[in-house]
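Report on one structure; see the data block that follows.
Each reported figure results from applying straightforward, stated rules to the coordinates on display, with no laboratory input. Keep in mind that this is a model prediction, so the values were computed, not measured. We place every Cβ from the backbone using ideal geometry, glycine too, and count neighbours over all the protein chains shown.
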Protein chains: 2
Amino acid sequence: MDAVTTATPADAAPLTPQQYGVGARLTLSVYDSDYVRIILDALESADATGLDIDTGDISTFVGGPERRIVGYVREVIAAAAASGAHVSASVLLSRGCPGELQCELPAGTTALGADDVSLAPSGVRARAHWSLYPLLDADHGTDHGGESGGEADHMAAIGRAIDHARETGVYDGSDHYATRLDGDLSAVLETAANAWIAVGRTVQHVTTHLTISLNSPTSIRPTLSGPPAAGAGR
Amino acid sequence: MDAVTTATPADAAPLTPQQYGVGARLTLSVYDSDYVRIILDALESADATGLDIDTGDISTFVGGPERRIVGYVREVIAAAAASGAHVSASVLLSRGCPGELQCELPAGTTALGADDVSLAPSGVRARAHWSLYPLLDADHGTDHGGESGGEADHMAAIGRAIDHARETGVYDGSDHYATRLDGDLSAVLETAANAWIAVGRTVQHVTTHLTISLNSPTSIRPTLSGPPAAGAGR
């Protein structure tokens, strides 16, 4: 009766997204004095069915299946942007390490695949800086373990994700430490999420960070800008 | 005469912070309709001497020595918080990988150490979610390469950083995917930066992400909160 709890990872029942640590942290910033109302309305308008939501004073945790998490994040951000206010969002997606400093899953747990996500267009343009971190290769069993195979697989997955972003026009260049994305909010989130999912098919612990900007006043850019970064201004 | 440019990494002259890719990306969010003035004033008030600054519409790049980068970030955030507005900041610190997807430094470049940073208290309380990612062990030569040595060293360095944060009272608990910090803005930044620097003594490519919240209205927390996260409310 307790075969699941006593089984080794290799023959255990499939882990749920919650058990595998699939989730997001979202910080929604609204550059408007009416931000409390705009944030509360945005959170209330999004469909949280089937998700674990825990909102604190720094960020909101969202746990559940990839497709639902990303859809929820899109709904919250799009609703805030619909206010017309300048909005930015800091989004962390993580898979394969439910804990904090030390993963609660044993290292070397079989990487748990997931289907690509597909979101209906939001109608809202977003620009983002995006970073992707493969941290623990499932086929080697330790964080940063292994010098081939897993790494070759995940580098190929990242390459395919960038190629896809170029084909769809969402890729907007590369800056220090981050790739710049530009397009419909849904396309920006899909690009980052599907690369995170693709790498996660061979790497147990993968995180990705997005800083997304919406409704930015064009006037602020020349005022704040120094020389354009390499690759900027495409 | 061109010994530096033709030398192998092992016998080359020490890399500058710029060559080693030491830098930050900062997104400053001001929850106030007067945000343009507050952000411009904050950026102008900070001392950028010796730093490469490039502000775009998504985030600001800051390149230079660790001590100066972290000092600049503290000055900008503290100045914005001095307006009294609710402010959040998304901060990415990176070392050892000047490029974007593929590091421009050869993998296995000797990890470049740096001194701990020490900041005068800002007088501003900050709360943050913090994540730290050791990505490329210098003694193994590939991202995620090697199963011992480097990993043991960097896990020990992370452990020491957390112990130090507990001793100084800055550690405030652990949430999914992030450690919660609470204290003077300078202490919060020091904690994250010195762990990043410590891990960077044995790991070539290390990044750390902070989402920092200041002047958050206490009224928003119970309104927005679900059940407290594990370890919250300390």
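At a glance:
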{"read-out": "Under 5 Å, built H, 5+ apart or other chain: amide partners of B:Ser122", "value": "B:Leu185, B:Ser186, B:Ala187"}
{"read-out": "Segment A:18-73: equivalent-ellipsoid semi-axes (sqrt of 5 x gyration tensor eigenvalues, Cα, Å)", "value": "22, 12, 8"}
{"read-out": "Copies compared at B:Asp34 - label distances in nm, ascending, label defined 7 Å from Cα in the Cβ direction", "value": "1.9"}
{"read-out": "Ranking of B:His164, A:His176 by count of other Cβ atoms within 10 Å, fewest first", "value": "B:His164, A:His176"}
{"read-out": "Likely footprinting exposure, A:Ser90, B:Ser29, A:Ser83, fewest C-beta neighbours within 10 Å first", "value": "A:Ser83, A:Ser90, B:Ser29"}
{"read-out": "Pseudo-label separations to other copies for A:Gly84 - Cα-to-Cβ vector, 7 Å, nm", "value": "2.6"}
{"read-out": "Ranked list, fewest to most other Cβ atoms within 10 Å of each Cβ, for B:Arg180, B:Arg166, B:Arg127", "value": "B:Arg166, B:Arg127, B:Arg180"}
{"read-out": "Cα Rg over Rh - segment A:15-217, Kirkwood", "value": "0.97"}
{"read-out": "Cβ-defined net charge surrounding A:Val117, 10 Å radius [Lys, Arg +1; Asp, Glu -1]", "value": "-1"}
{"read-out": "Mean shadow area of segment A:49-98 over all directions, Cα convex hull, nm²", "value": "4.1 nm²"}
{"read-out": "Nm distances between copies for A:Thr110, ranked from closest, using label points 7 Å along Cα→Cβ", "value": "4.5"}
{"read-out": "Karplus-derived 3J(HN,Hα), 6.51/-1.76/1.60, for each residue of segment B:74-80, Hz, glycine and proline x", "value": "4, 5, 5, 5, 5, 5, 5"}
